[in-house]
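The values are calculated or read from the model by the stated rules, or taken from the named source; none is laboratory data. Because the structure is predicted, anything quoted here is derived from the model rather than measured. Neighbour counts run over all protein chains shown; Cβ positions are idealised from the backbone, glycine included.
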Amino acid sequence: MTIVCYAKPDFTIPQIEKYANADECRKDNDIALKTAKYFLNAELPADIYESNLAAQYMIIWISASDEILVTLDELRCPYLKCKDKDISTQLMAAYFAGCIIYSLENKQKDHNFDMHYFSLSNMLNYYEKNKSITGSDKEMDKLLKEFKSNKFKAKEEKKFK
């Protein structure tokens, strides 16, 4: 018999449907930052329940926050090209986690290249670490291979010009 231990973060991930306003959201900036870091470092599959709570919370926080402005399009957000929507959702959460961390640690609202590259790097590291559990995607495998090349950063930067 195998005993599965489910890891929990050392803080409570808020389980809310929405924030009343940006001021209320701003009060939870520290929690949003902790949640984003937790999500990227969660051990799957053991942490899957808490990881899903973290993903839900990050989307709610980004939607209400006036601390961050994320631009979503297929050029900047390769997870939108995933064939498997479950993987796409996980990678979107990993990308958002990177955006939250970058925004709050650098006190930067705008989704510029530096935020994008930081978020994309975190997303690809998350994908590589977890693809044996979440599943793999041909587009992400191709992007991961490019990410490990010297030309990747310059190629990504062109998307912001």
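Looking only at the stretch 66-78, count every residue that is modelled with pLDDT under 80 and either surrounded by 18 or more Cβ atoms within 10 Å (Cβ to Cβ) or small (Gly, Ala, Ser) (or both) and tell me the total.
Total satisfying the criteria: 3.
Based on what the data block shows, is residue 86 over 26 Å from residue 13 (Cα atoms), touching a residue at least 12 places away in the same chain (Cβ under 8 Å) and among the acidic types (Asp, Glu)?
Answer is no for this residue.
Evaluate the stretch 58-65: report whether one residue or more is touching a Ser or Thr at 6+ places or on another chain (Cβ under 9 Å), at pLDDT below 90 and among the polar types (S, T, N, Q).
No, the stretch 58-65 has no match at all.
Looking at 95, 117, 57, 19 in this structure, which one is of a type outside the set (Lys, Arg), buried (at least 17 other Cβ atoms within 10 Å of the Cβ), assigned to a loop (DSSP other than H, G, I, E, B) and in contact (Cβ under 8 Å) with a residue 12 or more places away in the chain?
Going through 95, 117, 57, 19 in turn, the sole match is 19.
Of everything in the stretch 129-161 that's in contact (Cβ under 8 Å) with a residue 60 or more places away in the chain and within 23 Å of residue 47 (Cα to Cα), which residue is surrounded by the fewest Cβ atoms within 10 Å (Cβ to Cβ)?
Looking at the filtered set, the residue picked out is 133.
Hey, could you check the stretch 79-92 for residues that are modelled with pLDDT under 75 and not in a loop (DSSP other than H, G, I, E, B) and say which is surrounded by the most Cβ atoms within 10 Å (Cβ to Cβ)?
79
Look at the stretch 1-19 and say how many of its residues are farther than 18 Å from residue 47 by Cβ and either under 21 Å from the mean Cα position of the chain (by Cα) or at pLDDT 95 or above (or both).
Going through the stretch 1-19 one residue at a time, the tally reaches 4.
State whether the residues of the stretch 137-156 include one that is in a loop (DSSP other than H, G, I, E, B) and at pLDDT 90 or above.
The answer is yes, given that some residue of the stretch 137-156 is in a loop (DSSP other than H, G, I, E, B) and at pLDDT 90 or above.
Go through the stretch 100-114 and give me each residue that's at pLDDT below 95 and either outside any loop (DSSP other than H, G, I, E, B) or of a type in the set (A, V, I, L, M) (or both).
Matches in the stretch 100-114: 110, 113, 114.
For the stretch 22-42, enumerate the residues that are in a loop (DSSP other than H, G, I, E, B) and exposed (fewer than 15 other Cβ atoms within 10 Å of the Cβ).
27
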